[in-house]
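The values are calculated or read from the model by the stated rules, or taken from the named source; none is laboratory data. For clarity, every value in this text was computed on a predicted model and none was experimentally measured. For neighbour counting, all protein chains shown are included, and Cβ atoms are generated from backbone atoms with ideal geometry for every residue, glycine included. Protein only, heavy atoms only, side chains kept; ligands, DNA and RNA dropped before computing areas. Shrake-Rupley method; radii C 1.70, N 1.55, O 1.52, S 1.80 Å.
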Amino acid sequence: MTNRHRKLTHRTVEGFRANGGDAVYWDGELTGFGVRVRASGRKNYIVQTRVCGRQRWFTIGPHGPVTADEARVRALEILALARKGIDPRRAAAQSGETSAGTPAETPTVAQLARRFSSG
């Protein structure tokens with residue numbers, strides 16, 4: 001049995017419980033996007049993808065401070081970079097993002113438009 005749900009939302013993630021070990025629950029709409037529930041009960045949004053043929057896991061951030069919708073947007077960004085053959089970790093380091101994948105400074109709408117219109 002796979003742990004796949006129609007769509008990961010705040011409500012569905014809140015309902016996930018630790019079952020004696022780590023578990024990953026996958027989003028049914030966005031392939032590679034999920035939430036990892038640790039045995040301790042801690043929940044982190046994750047993305048699994050391939051970059052240049054190698055499988056990579058990325059932690060987006062903890063459930064609570066990061067909403068399911070915010071995590072989904074970040075997952076889309078990571079997956080888009082991976083499809084272009086760009087390692088998202090290197091792209092984050094070059095753009096000044098923190099290790100959790102959140103911007104050190106919030107970009108303006110104009111900066112976001114420039115970033116996404118060039119691809």
Query - Estimated inter-spin distance, residue 112 and residue 67, nm [label 7 Å along Cα→Cβ] - result: 1.2 nm
Query raised in the report: Rg(Cα) of the range 1-84 divided by 2.2 N^0.38 Å?
Result: 1.04
Query raised in the report: Which value in nm describes the separation of the simple spin-label points at residue 10 and residue 38, placed 7 Å from the Cα toward the beta carbon?
Result: 2.3 nm
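How much of the accessible area of the range 1-82, in percent, comes from carbon and sulfur atoms when a 1.4 Å probe is used?
Working: 2280 of 4640 Å².
Within the range 1-82, the accessible surface is 49 percent carbon and sulfur.
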Report task. Could you tally the net charge around residue 86, taking each other residue with its Cβ under 12 Å from the Cβ of residue 86, Lys/Arg +1 and Asp/Glu -1? Result -> +3
